[in-house]
Amino acid sequence: MKTIRDLGALNGKTVLVRADFNVPLEGKMDGQKITDDGRIRAALPTLKQLLDDGAKIVIAAHLGRPKGSPDPKFSLAPVAARLQELAGVKVHLAKDSTGESAKSLVKTAQPGEIVLLENIRFDARETSKDDAEREALAKELAELADVFVSDGFGVVHRKQASVYDVAKLLPAGAGLLVQKEVEALSKVTKSPDRPLVVILGGSKVSDKIGVIDNMLSLADAILIGGGMTYTFFKALGFEVGQSLLEADQIENAKAYIDKAAKLEVKFMLPLDNVVTKEFAPESTGKVVKADEIPDELQALDIGPETVKIYGEEILRGKTIVWNGPVGVFEFEHFEAGTRGIAKALAEATEYGAYTVIGGGDSAAAVRKFGYPDSAFSHISTGGGASLEFLEGKTLPGL
């Protein structure tokens, strides 16, 4: 993989950077505030390196899911303001991505300044399935710059114009963030210190099939939590009440349990769960054993006994990767399981284990609980991308 260091002298050149600035916002349109600027901060090392090298930076990024046309609520204006504060340099926000505003700003901006193109997904060609449409947008982007740097790890699994197609038109390399992500995840999948412990949560077995399949041949222990738990329970013959269940994945769940046994991989399921009547923030829960979920209730978290045994298993690990919360951590009464996993990973890091949090909701959870990024070896900026990397897939943006 070529990196930013393979691109030669960049002094006086214009560098197009694909970043991932898909940050969470709150508030009304005229006063939106970024609630987690982690992805902007993660881009700073690459931007600083380029600025130090004397480059003029043009950034392409997206926010939210606009439907291929301009939508003020998805403007990158809040990102531009925060980036200017964090980077300490002038950040110009274009009114479009490849139109007259973008061209004018790129032409007049000085080396040492940044031009942030407006939300690239305001252009329907960005995410088009039609190769010719994507390539046309990529050509327009390429005309703005001399060099392309891929530094948005959260989008490298997407075959999109600003991620995949433009890299074929300019001298291209990975930024420091993407390089760091690939090195961290490669350490898990290619050269882990053992035992390798994998914690998989989230709502659906179907979302994690590829990861489970790949990790069964790599891991020493796999710990299951979250909504997918109850499909595995059903595969064991347990009743799951009103808990989340993918009936079409029960046979797959059985197959994974059997495969783990054959490969002698420790495959751990919760021993107890926290159940409740309604899926609501104000709901309170009670603890029941794994095979005793009442018909009228649903499980929203792993129970305290499971937190204890999972924590002990995590602390045995030398390499630990976590993807997906093990409960509905957004609700106060069902956050204890995810909080317990985070605590165990932080302790394992202190004891010298290599710990990786696979982005998305897992990263949001540890930040909600007040952990700094330094509490873990690596927190990925890309939930979907890290998931596909752990599946062993080839990512278009790499």
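Histogrammed with a bin width of 20 Å, the alpha carbon distances of the chain distribute as 27, 51, 21, 1 percent, first bin at zero.
Note on the chain: dipole from Cβ charges, positive end direction compared against Val91, Ser186, Ile199; the farthest Cα belongs to Val91. Each Lys or Arg adds one and each Asp or Glu takes one away; over the other residues whose Cβ falls under 11 Å from the Cβ of Asp20, this sums to +1. Charge tally around Gly352: other residues with Cβ under 10 Å, Lys/Arg +1 each, Asp/Glu -1 each, net -1.
Each Cα pair of the range 97-247 feeds into the Kirkwood radius, which the Stokes-Einstein equation turns, at 20 °C and 1.002 mPa s, into a diffusion coefficient of 112 µm²/s. Here's how it looks for Leu25: its modeled amide H is under 5 Å from those of Thr35, which are all 5 or more places away or on a different chain. Relative contact order of the range 306-391, taken over Cα pairs closer than 8 Å and 6 or more residues apart, is 30 percent.
The residues of the chain expose on average 43 square angstrom of accessible surface per residue, using a 1.4 Å probe on protein heavy atoms.
How high is the relative contact order of the range 24-147, given as a whole-number percent (alpha carbon pairs under 8 Å, six or more residues apart)?
On the way: 177 pairs, mean separation 33.9, N = 124.
Normalised by residue count, the contact order of the range 24-147 is 27 percent.
Each residue of the range 148-160 was assigned a 3J(HN,Hα) from its phi angle through the Karplus curve 6.51 cos²θ - 1.76 cosθ + 1.60 (θ = phi - 60°); the sequence is 10, 10, 8, 9, x, 4, x, 10, 5, 8, 9, 8, 10 Hz, with glycine and proline shown as x. Couplings for the range 269-279, taken from phi via the Karplus curve 6.51 cos²θ - 1.76 cosθ + 1.60 with θ = phi - 60°, read 10, x, 8, 8, 9, 9, 10, 7, 7, 10, 7 Hz in order; Gly and Pro are left as x. Electrostatic tally near Asp373: other residues with Cβ closer than 10 Å to its Cβ, Lys and Arg +1, Asp and Glu -1, net +2. Using C-alpha pairs below 8 Å separated by at least 6 residues, the relative contact order for the chain is 15 percent.
The distance from the alpha carbon centre of the range 317-370 to that of the range 28-59 is 26 Å, rounded to a whole number. Counting only DSSP beta bridges with both residues in the chain, the antiparallel share comes to about 20 percent. Using a 1.4 angstrom probe on heavy atoms only, work out the carbon and sulfur share of the accessible area of the chain in %. Here it works out to 49 percent.
The values are calculated or read from the model by the stated rules, or taken from the named source; none is laboratory data. This is a predicted model, so every value here is computed, not measured. Here Cβ is always computed from backbone atoms with ideal geometry, including for glycine, and neighbour counts include all displayed protein chains. These accessible areas exclude ligands, DNA and RNA; they are computed on the full protein's heavy atoms, side chains included. Shrake-Rupley method; radii C 1.70, N 1.55, O 1.52, S 1.80 Å.
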